[in-house]
Amino acid sequence: MNRWKSYVKWTGISVGSVAALFVVAVYALQYRTYEAPYPQIVASNDSVVIARGRHLVYGPAHCNFCHGSWDELPRIMAGETIDLKGGNAFTLPFGIIRTPNITSDRETGIGAFSDGEIARSLRFGVDREGHALFDFMPFHNVSDEDLTAIVSYLRTLPPVKNAVERRDINFAGKAVNAFLIRPVGPDGTPPATVPPDSTAAYGKYLAHSVANCVGCHTDRDMKTGAFIGKPFAGGLEMGSDLVPGLMFTTPNITPDEATGKMALWDEESFILRFRAGSLEEGTVMPWGAYGNMSDLELKALYRYLKTVTPVRNEVKQIVWRKEG
Ligand code: HEC
Ligand code: HEC
């Protein structure tokens, strides 16, 4: 009897101390830092390079959708050039992550960051202090040339003061941050340059490395971000951070004739669809930015999407509301 009691007592204490250690580890690991190289990116003053960067930021790379304030959502959805002052909240199961101010304000924006620090956060997912960024930004494989263009354009943004409280995460979120979040980097060495043209090869670069079509139109495990579905077959359920309670399931955009949303569209209707912009209120697809893509880019995307493996996957409800 006594022995049993002390067993309970000792296991109780040891379970308790493991739990306490866990709590300590979770808090300690919030400040874990990672090593990642600074890409050899130097901002340029060349107007052609800056114009390319501007096009990427408000076009295929859709930085404006997340870093432009959602107080100005209609302008974002119209693809207009607005300040990238951040502050938008993404609500995850474990808390809230807000987008930083990426204007050149030195205190509240990225004006005091070096070119290498900005480039490293985009390519290697490691912030200025060395902490892992949550993997919202799919630009790890962007070419050196395009990364240079993006950083060069960011350097020209006038400073806007807007202090953002970046993270508001609960204990579960801190545990996720401590044990599951690792910086995400490129697959191998990113290309030096990928010259824009209307080929499927360029479309592939856009769909995977710049515009992130693959990231939303493929089913994923939302806890880890891991891809679990066939590429472009849709089926990812996403909450709209723009309209509370509104949910979207991404359509299948493979060329499967029975279930592929755009299987029967020709190149011209694909381009017209992108020129028409958002048709669903609260949609999470950045139609405004994509509408700024050139015909050449849209052709390339269309041609690439025609080459992906057709997958039979019927997505019944594209727009719905979460019960309860
Ligand atoms: C899908 C939304 C989304 C898109 C698109 C996006 N960002 Fe971000 N960005 C975020 C979030 C969220 C964070 C903060 C992540 C965190 O705190 O872990 C962030 C962080 C950053 C940082 C890090 C700042 C710091 O303090 O270290 C920079 C720089 C940045 N973004 C620039 C860009 C640029 C440039 C683009 C376009 C090429 C872009 N972002 C596109 C959501 C986005
Ligand atoms: C942030 C997530 C996200 C990204 C990134 C994204 N999509 Fe979507 N897409 C959606 C959602 C959600 C819908 C359904 C709601 C809607 O039509 O707006 C959708 C709808 C579509 C449709 C169907 C439109 C219609 O008229 O029914 C096509 C085609 C499409 N996306 C293609 C693309 C392509 C090509 C890219 C990359 C350039 C892309 N998407 C990037 C989330 C995304």
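The values are calculated or read from the model by the stated rules, or taken from the named source; none is laboratory data. Every value quoted in this text rests on a predicted model; they were computed, and no experiment measured them. Quick reminder, even Gly has a Cβ in these numbers, built from the backbone with ideal geometry, and neighbours come from all protein chains shown. Protein only, heavy atoms only, side chains kept; ligands, DNA and RNA dropped before computing areas. Shrake-Rupley method; radii C 1.70, N 1.55, O 1.52, S 1.80 Å.
Summary of values
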quantity	calculated
Filtered residues of segment 285-313 (kept if touching a strand residue (DSSP E or B) at 6+ places or on another chain (Cβ under 9 Å) and over 16 Å from ALA207 (Cα atoms))	VAL311, ASN313
Residue count, segment 144-171 (criterion: open to solvent by 80 Å² or more (accessible area, probe 1.4 Å) and near ligand 1 (Cβ under 10 Å from one of its atoms))	1
Matching option when the condition is within 16 Å of ligand 2 (Cβ to nearest atom), open to solvent by 50 Å² or more (accessible area, probe 1.4 Å) and touching a helix residue (DSSP H, G or I) at 6+ places or on another chain (Cβ under 9 Å), among PHE113, PHE136, PHE90	PHE136
Answer residue from segment 66-87, given it is within 24 Å of TYR38 (Cβ to Cβ) and out of contact with any Cys (no Cβ under 7 Å at 6 or more places or on another chain) and is surrounded by the fewest Cβ atoms within 10 Å (Cβ to Cβ) among those	CYS66
Filtered residues of segment 111-128 (kept if within 8 Å of ligand 1 (Cβ to nearest atom) and of a type outside the set (S, T, N, Q))	PHE113, GLU117, ILE118, LEU122, ASP127, ARG128
Test: residue in segment 91-103 that is out of contact with any Leu (no Cβ under 6 Å at 6 or more places or on another chain), assigned to a loop (DSSP other than H, G, I, E, B) and modelled with pLDDT under 95	yes
Scan of segment 175-200 for residues that are in contact with a Gly (Cβ under 9 Å, 6 or more places away or on another chain) and open to solvent by 50 Å² or more (accessible area, probe 1.4 Å), ordered by number	ARG182, VAL184
Within segment 243-292, tally of residues that are within 11 Å of ligand 2 (Cβ to nearest atom), of a type in the set (A, V, I, L, M, F, W, C) and either open to solvent by 30 Å² or more (accessible area, probe 1.4 Å) or closer than 18 Å to LYS316 by Cα (or both)	13
Filter result for the condition that a residue is outside the structural domain of ASP71 (by TED's automatic domain parsing) and away from ligand 1 (no atom under 16 Å from the Cβ), over THR254, THR250, THR283, THR218	THR254
Which listed residue is closer than 20 Å to PHE124 by Cα and outside the structural domain of VAL284 (by TED's automatic domain parsing), from THR224, THR193, THR156	THR193
Hey, ILE102 near ligand 1 (Cβ under 8 Å from one of its atoms), open to solvent by less than 30 Å² (accessible area, probe 1.4 Å) and of a type in the set (Val, Ile, Thr) or not	yes
Yes/no for ASP135 being under 27 Å from TYR202 (Cβ atoms), touching a residue at least 12 places away in the same chain (Cβ under 8 Å), assigned to a loop (DSSP other than H, G, I, E, B) and under 19 Å from the mean Cα position of the chain (by Cα)	yes
Members of segment 185-215 that are among the small types (Gly, Ala, Ser) and more than 16 Å from ligand 1 (Cβ to nearest atom)	GLY188, ALA192, SER198, ALA200, ALA201, GLY203
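For every residue, the table says whether it meets (1) of a type outside the set (D, E, K, R); (2) under 19 Å from GLY288 (Cα atoms); (3) at pLDDT 95 or above.
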| residue | (1), (2), (3) |
| --- | --- |
| LYS230 | no, no, yes |
| LEU242 | yes, yes, no |
| MET247 | yes, no, yes |
| ASN252 | yes, no, yes |
| PRO255 | yes, no, yes |
| THR259 | yes, no, yes |
| ASP266 | no, no, yes |
| SER269 | yes, yes, yes |
| LEU272 | yes, yes, yes |
